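The structure under discussion appears below in the form of structure tokens.
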Amino acid sequence: MFSSWISEDAFCELAGRPGSGAAAAPEAAETGLRPLADFVRHFEEDRSTSEDGARSWVRGEGCDLAQLGPLGQAVLASRTLGEALRTFQRGFPVLQSATEMTFTQRGDEVRLGYRVLDPRIWPRRADAELSLGVVRTIAARYGVPKDAIVSVSFEHAPDRDPRGLARHIGRLPRFGEPENAVTFAARALSARPVAPPAPNRPFEELWAAIEHALKARRAGDPAALRVRQALLGRIGRGDVSQQSIAAALGLSERSLRRALADEGVTFKEVLAECRKLQSVALLRYSSKALSEVALLLGYSDQTAFSRAFARWYGMSPSEFRRSGAASDSTIV
């Protein structure tokens with residue numbers, strides 16, 4: 001089983017410095033990493049204690065980018081908002097694993113999307129609101145007004161009156177969407193920083209450090225872990241064949257098979273593990289019909305999915321839903 005992490009820099013800056021309720025775990029001192037589930041849980045609990053619907057978003061806006069290591073410093077050293085957002089999106093894997101951040105431009109709009117791929121981590125409403133708040137604070141550094149935000153969307157269903165958050169961000173968010181995202185008017189991409197800082201190092205040097213860290217992370221990740229993350233990002237959204245995953249990882253199918261065999265697993269086994277995890281998330285946290293769940297997981301029909309689910313959990317998908325196991329109350 002894989003573990004999902006967030007960097008110690010990001011954890012401490014966003015959740016609070018040691019001594020303010022987020023003291024470092026012993027292993028964090030050695031690895032520089034914290035469990036992502038702990039981070040998400042911390043903010044979900046914080047959100048649950050407040051009636052302020054904008055609380056998590058505002059905490060994201062309060063992020064000091066300079067404390068996020070080379071990535072935050074590179075964002076601060078960026079010459080335009082477009083460069084800052086692309087830098088944040090491309091370098092995000094050095095801050096957090098099992099996560100997908102996308103940057104897409106279509107016509108006169110640009111969209112920055114964010115998804116935690118680890119289906120075991122839920123609920124994660126506060127994390128989504130916090131993360132988009134960080135994106136907003138990047139835009140604010142470039143003098144981008146609130147009315148440049150075209151839309152805001154969240155994957156979670158509304159669990160409280162959204163008007164407080166809507167008043168703060170200037171838009172009524174959409175809920176139950178495929179990903180968490182904030183969309184800007186594309187004209188904002190050329191905006192320059194209102195008060196350019198004097199970075200410790202030039203942007204090019206900072207980005208080179210980020211690329212080095214990204215390569216080191218990839219080199220240190222087992223092949224099975226990289227396959228899992230690629231599969232979790234594509235299940236329900238794209239091709240999950242061995243051929244497509246190998247191509248996404250920059251490998252031939254033969255090389256991928258050999259790398260997995262060296263770790264004692266097969267592609268089929270890793271795919272089954274990801275489907276198993278994702279099936280529970282879809283049954284717990286969505287009201288999708290079983291036929292749609294089967295389709296999203298890549299099964300030919302509902303019967304094939306039901307047989308597989310019964311092998312994994314000893315009950316049918318419908319029995320699982322009726323059993324009360326679909327509780328949204330904990331991170332598992």
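The values are calculated or read from the model by the stated rules, or taken from the named source; none is laboratory data. In this text, all values refer to a predicted model and were calculated from it rather than measured experimentally. Note that we place each Cβ from the backbone using ideal geometry, even for glycine, and neighbour counts take in every protein chain shown.
The lone criterion from (1) within 19 Å of residue 108 (Cβ to Cβ); (2) loosely packed, with under 13 Cβ neighbours inside 10 Å; (3) under 24 Å from the mean Cα position of the chain (by Cα) left unmet by residue 215 is number (1). Name every residue in region 264-292 that is polar (S, T, N, Q), assigned to a helix (DSSP H, G or I) and either closer than 25 Å to residue 3 by Cα or touching an Asp or Glu at 6+ places or on another chain (Cβ under 6 Å) (or both), in order of residue number. Within region 264-292, 278, 279 qualify. Go through (1) of a type outside the set (Ser, Thr, Tyr); (2) closer than 30 Å to residue 143 by Cα; (3) within 20 Å of the chain's Cα centre (by Cα) for residue 186 and report which single condition fails. Tallying (1) of a type outside the set (Ser, Thr, Tyr); (2) closer than 30 Å to residue 143 by Cα; (3) within 20 Å of the chain's Cα centre (by Cα), residue 186 fails exactly one: (3). When each of 136, 171, 163, 111 is tested for being basic (Lys, Arg), within 17 Å of the chain's Cα centre (by Cα) and under 29 Å from residue 288 (Cβ atoms), the lone residue that passes is 111.
When the criteria are applied in full, residue 295 fails the requirement of being assigned to a helix (DSSP H, G or I) and either in the same structural domain as residue 38 (by TED's automatic domain parsing) or touching a helix residue (DSSP H, G or I) at 6+ places or on another chain (Cβ under 6 Å) (or both). Within region 249-262, the set of residues being in contact (Cβ under 8 Å) with a residue 12 or more places away in the chain and either surrounded by 14 or more Cβ atoms within 10 Å (Cβ to Cβ) or touching a Lys or Arg at 6+ places or on another chain (Cβ under 6 Å) (or both) comprises 249, 256, 257, 259, 260. Determine whether residue 183 is in contact (Cβ under 8 Å) with a residue 40 or more places away in the chain and under 30 Å from residue 293 (Cβ atoms). Taking the combined requirement at face value, the residue satisfies it.
Restricting attention to region 145-160, and to residues there that are of a type outside the set (D, E, K, R) and surrounded by 18 or more Cβ atoms within 10 Å (Cβ to Cβ), which single residue is farthest from the chain's Cα centre (by Cα)? Even if it seems obvious, please write down each step before you answer.
Just the residues of region 145-160 that are of a type outside the set (D, E, K, R), to begin with: 145, 148-154, 156-158.
Filter again for surrounded by 18 or more Cβ atoms within 10 Å (Cβ to Cβ), leaving 148-149, 152-154, 156.
Details: 148: 24, 149: 20, 152: 16, 153: 14, 154: 12, 156: 13 Å.
This residue is 148.
Residue count for region 267-280 under the criterion of being of a type in the set (A, V, I, L, M, F, W, C) and within 14 Å of residue 318 (Cα to Cα): the result is 1.
For region 186-229: of the residues being charged (D, E, K, R) and in contact (Cβ under 8 Å) with a residue 12 or more places away in the chain, which is nearest to residue 286 (Cα to Cα)? For region 186-229, the residue satisfying everything is 228. Considering the conditions (1) surrounded by 19 or more Cβ atoms within 10 Å (Cβ to Cβ); (2) at pLDDT 95 or above; (3) out of contact with any strand residue (DSSP E or B) (no Cβ under 9 Å at 6 or more places or on another chain), residue 96 is excluded by exactly one of them, (3). Residues that are outside any helix (DSSP H, G or I) and surrounded by 17 or more Cβ atoms within 10 Å (Cβ to Cβ) within region 227-248 comprise 235, 236, 240, listed in sequence order.
Within region 290-311, how many residues are exposed (fewer than 15 other Cβ atoms within 10 Å of the Cβ) and more than 25 Å from the chain's Cα centre (by Cα)?
8
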